[in-house]
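Trainee: Take this structure first; my questions come after.
The values are calculated or read from the model by the stated rules, or taken from the named source; none is laboratory data. Given the structure is predicted, the values throughout are model-derived calculations rather than measurements. In this analysis, Cβ positions are derived from the backbone assuming ideal geometry, glycine residues included, and neighbour counts consider all displayed protein chains.
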Ligand SMILES: N[C@@H](CCC(=O)N[C@@H](CS)C(=O)NCC(=O)O)C(=O)O
């Protein structure tokens, strides 16, 4: 508790452009969870982040009671379970919807990274990397979105939020190709919705890298000895 009797807000270690962190921030924002965001430099992560979560990926959420959530999906779902004014949790137990998110994280993400950094993966051309991602995930996603406006059904939902930041990155690799009317039209419509949404805008504000007070990491490290 602070001197005023308020519980300190949750703390989120984040990286602005990270799709996992965008996913988490959108959930926290939609749920109205008060959170202090600590922008991290991935090459120079704060010691307090490593102490909270030795795997040291972002996002990491530390709740006022000390609970630590260090998986973006857990943060998104935790936030919406606190408060879900947009009803994004509808369909949360739908296996098909969950499979899209799992496929995003396990299959699409590595293909996306190869497409993004194609020169580092010269075994295939950039176009071949793109085709693989299209075949494995992006194309089927476009097909589904041709049948319904959102992954969870007729309204925006948690799975859209979970997947959209990754599709955003895919679209950014070759914007002219992605903007082509013939390519993935339903996905383009869906992506445009999320890019223009107030939730996305609200979580993309730029903030300076958080500088760890000298006592923060040291103090907690000592407490653990
Ligand atoms: N499964 C994790 C993955 C998070 C992740 O890989 N985040 C990246 C940034 S986009 C990261 O922190 N990488 C570690 C690094 O770059 O050192 C989650 O869903 O939160």
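Trainee: Inspect all residues belonging to segment 209-225 and state whether any of them is under 20 Å from the mean Cα position of the chain (by Cα), under 30 Å from residue 37 (Cα atoms), in a helix (DSSP H, G or I) and in contact (Cβ under 8 Å) with a residue 24 or more places away in the chain.
Mentor: No; the residues of segment 209-225 include none that is under 20 Å from the mean Cα position of the chain (by Cα), under 30 Å from residue 37 (Cα atoms), in a helix (DSSP H, G or I) and in contact (Cβ under 8 Å) with a residue 24 or more places away in the chain.
Trainee: How do the strands (runs of 3 or more DSSP E) wholly within segment 1-95 filter down when requiring 3 or more residues that are closer than 22 Å to residue 208 by Cα and within 13 Å of the ligand (Cβ to nearest atom): which remain? Outline the logic, then answer.
Mentor: Numbers: elements: 10-14, 35-39, 60-62.
Filter on segment 1-95 gives 10-14.
Trainee: Just give me the residues in segment 151-178 being closer than 17 Å to residue 92 by Cα and buried (at least 21 other Cβ atoms within 10 Å of the Cβ), in sequence order. Walk me through how you get there before you give the answer.
Mentor: Step one: of segment 151-178, the residues closer than 17 Å to residue 92 by Cα are 151-164.
Within segment 151-178, 151, 152, 156, 157, 158, 159, 160, 161, 162, 163, 164 qualify.
Trainee: Kindly provide the set of residues from segment 150-160 that are at pLDDT 95 or above and assigned to a loop (DSSP other than H, G, I, E, B), ordered by number.
Mentor: Across segment 150-160, the qualifying residues are 156, 157.
Trainee: Hey, another quick one. Are there any pairs, at least 6 apart or on different chains, whose C-beta atoms fall under 6 Å, with the first in segment 69-86 and in contact (Cβ under 8 Å) with a residue 60 or more places away in the chain and the second more than 12 Å from the ligand (Cβ to nearest atom) and assigned to a loop (DSSP other than H, G, I, E, B), and if so, which?
Mentor: Close Cβ pairs (under 6 Å, with a partner that is more than 12 Å from the ligand (Cβ to nearest atom) and assigned to a loop (DSSP other than H, G, I, E, B)) amount to 80/88; 80/89.
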